1. Quick check on the range B:315-336. Is at least one of its residues buried (at least 21 other Cβ atoms within 10 Å of the Cβ) and part of a helix (DSSP H, G or I)?
2. So, of the residues in the range A:309-332 that are within 14 Å of chain B (Cβ to nearest Cβ) and out of contact with any Cys (no Cβ under 6 Å at 6 or more places or on another chain), which turns out to be farthest from A:Gly150 (Cα to Cα)?
3. Which residue, of A:Arg224, A:Arg275, A:Arg228, A:Arg241, is open to solvent by 30 Å² or more (accessible area, probe 1.4 Å) and at pLDDT 95 or above?
4. Can you tell me which residues in the range B:211-234 are at the interface with chain A (Cβ under 7 Å from one of its Cβ atoms) and of a type in the set (A, V, I, L, M)?
5. Suppose the filter is closer than 30 Å to A:Ala155 by Cβ, buried (at least 17 other Cβ atoms within 10 Å of the Cβ) and more than 14 Å from every other protein chain (Cβ to nearest Cβ); does A:Thr298 pass it?
6. Any residue at all in the range A:295-316 that is at pLDDT 95 or above, on the phi > 0 side of the Ramachandran plot and of a type in the set (Ser, Thr, Tyr)?
7. Restricting to the range A:4-59, name every residue that is more than 30 Å from B:Ser226 (Cβ to Cβ), open to solvent by 60 Å² or more (accessible area, probe 1.4 Å) and not in a helix (DSSP H, G or I).
8. Going through B:Asp108, B:Asp96, B:Asp113 one at a time, which residue ends up being assigned to a helix (DSSP H, G or I), among the charged types (D, E, K, R) and within 10 Å of chain A (Cβ to nearest Cβ)?
Number of protein chains: 2
Amino acid sequence: MSGPDVHLLSVGTALPGPPVTNADLARRFGMDPLWEQWVDTFIGTTSRHLSIDLDSGVPKAELADLGERAGRIALVDAGVKAGDIDLVVMGTSTPDRLMPTTANVVADRLGIDQVASYQLQSGCSGAVQALDVARRLLDGDRFRTALVLGGDVVARFYDTSQDLRKLPPAQLVNFVLFGDGAGAAVLSTDPVPGSAILRTTATRLVGLGSAPGATLEWFGPNDRHSNRPPATEDYKAIEERVPTMAREVLGEILSSLSWNGEDIDYLLPPQLSGRMTEKVMALLGLPSATEVSCVAETGNNGNALVFFQLERAFDKMVRGERAVGVAIESSKWIRSGFALEGI
Amino acid sequence: MSGPDVHLLSVGTALPGPPVTNADLARRFGMDPLWEQWVDTFIGTTSRHLSIDLDSGVPKAELADLGERAGRIALVDAGVKAGDIDLVVMGTSTPDRLMPTTANVVADRLGIDQVASYQLQSGCSGAVQALDVARRLLDGDRFRTALVLGGDVVARFYDTSQDLRKLPPAQLVNFVLFGDGAGAAVLSTDPVPGSAILRTTATRLVGLGSAPGATLEWFGPNDRHSNRPPATEDYKAIEERVPTMAREVLGEILSSLSWNGEDIDYLLPPQLSGRMTEKVMALLGLPSATEVSCVAETGNNGNALVFFQLERAFDKMVRGERAVGVAIESSKWIRSGFALEGI
């Protein structure tokens, strides 16, 4: 890509409330202490944040609420006003509704108007897709400064009335793995002190002929009696493919920038679960890079995760340091990543 | 925007079955002949195509089925192979599921892989949003040839078990206005004989502080008892704002290209309903331009409509002729448009 450098000016994140620990879940759903140990050991996710009240199941926040909070933090931290934003790009798998988009509801609440605004339907690669689209559109002319958003809210799938003790492990694990949150970043062709250059972004569909590793359904009023399963996950396929796909993205990004593995100061690996992240890190084999992960505390909050990682990395990065992030979407197998350099 | 010219190589469309006339609807739902005349006179939409069997309410096609058909036609007409496509962009308000994207299911069925693929959540401006994103990303380098898709399927909202005679007109009209379909276009920086240049695309959020003119909800398994209305439309606001917004887009596009109204050979106006399109045409006041509309026969099939109009215009256009298209989304008020020139 020719065109001006695109800078990351700021990152903001929002969580819907305090962490919900494995002990909290065990208490709420009457699971025994052995289960709690099993989660700690084999999933490695110790807490998540939920936009529903765990006791009543009543929603506490919509995605737009979280997106607005994260977006406001990102704007303030960047020193950018709503009127400076000329592009909004958001990634989510769980928009609040089909119309209007959550991106546009958030834009409206932040006072952003008269701009191009896109909402990408996407799973775990959505934050990178949104960064990718924004980076490619920022040409320093028509588009100079973008608000990029990502987030997910699982409330509509988190059925607190279920008896978890009767669920098979493959369904039960969803109550442990997933969480809610939103993130935002300001990208601009105009740098500010302390900004970093988004050197590259990449996203690639690689699912030809493969069954989806994850599906998520929505229902309309005519579907009330539908027997389609709301969500499915093929954990075996995910375990098999994600580490390899992560290695492929990393190689692709390093090669496109003529960077070596030893040049990487921070590695932001995929965040499916605490344990899966460890496996991926082991395979990627970059011992000199500092791992930047959050999933063990935040849970897998989908399109928000990369922003939580970015926030942590961006805080630490100094001039000349390099970070690479990788996100893998198992839905129809998308591998994606990005590279950042402190200036 | 600098960069190479982006050419429209082909357009394909797909409908899920034969037209369903107002008489068919009247027969099916026991409406009286006066109602049929009322629809003809005040809505001006005489037929639509539905992806459900009208008698049983059973779905006959998913959006991916229609998108695949439209996409295949567009690829064949462009003389482009699946392996030549390096970018997929789809717009829809009613994806088949939240994950995987319908864009990626269609890509898979067409044999397209190893590409960047984006699905935009969008209402009536979605086809233009998809054309816009594709045009801006096509740089002749990383991205040379894009498959752009758009479509909608209303099956999950089209409740054939309802007693239409008891519905208030504002809800009843939805059974008349909307239809199903999909469209596709191949855009490329490499022209072929007969292609046209996509001179510009524009999309702009203009809803600051306004209530949505239309909403569409999705439901998860936890929402089964939700009392949120599945769809709402503020027809008064739509009637008031859409013609003015259409005039603003037209002005913006002409001005950005230094074209005059008399230079326009084909005008593709917004397609909310047959009658609304007439009103918009009257306000736009381009008597020398040929109107290219389809909504009276296809119904408002959302993200597909622009492709049906494009198909008709593209068939007719000869060297030097100019077309302008306008699409307005009332959900959170988006105005969008594009310009095409025969070469």
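The values are calculated or read from the model by the stated rules, or taken from the named source; none is laboratory data. None of these values were measured; they are calculated from a predicted model. Every residue, glycine among them, receives a Cβ derived from its backbone with ideal geometry; neighbour counts consider all protein chains shown. Please note that ligands, DNA and RNA were not included when accessible areas were found on the heavy atoms of the full protein model with its side chains. Shrake-Rupley method; radii C 1.70, N 1.55, O 1.52, S 1.80 Å.
1. No, the range B:315-336 contains no residue that is buried (at least 21 other Cβ atoms within 10 Å of the Cβ) and part of a helix (DSSP H, G or I).
2. A:Lys332
3. Numbers: A:Arg224 fails: at pLDDT 95 or above; A:Arg275 fails: at pLDDT 95 or above; A:Arg228 fails: at pLDDT 95 or above.
Answer to the selection: A:Arg241.
4. Residues of the range B:211-234 at the interface with chain A (Cβ under 7 Å from one of its Cβ atoms): B:212, B:214-224, B:230.
Correct list: B:Ala214, B:Leu216.
5. Working: closer than 30 Å to A:Ala155 by Cβ: yes; buried (at least 17 other Cβ atoms within 10 Å of the Cβ): yes; more than 14 Å from every other protein chain (Cβ to nearest Cβ): yes.
Yes: the conditions hold for A:Thr298.
6. no
7. A:Asp5, A:Asp32, A:Thr46
8. On the way: B:Asp96 fails: assigned to a helix (DSSP H, G or I); B:Asp113 fails: assigned to a helix (DSSP H, G or I).
Checking each option against the conditions leaves just B:Asp108.
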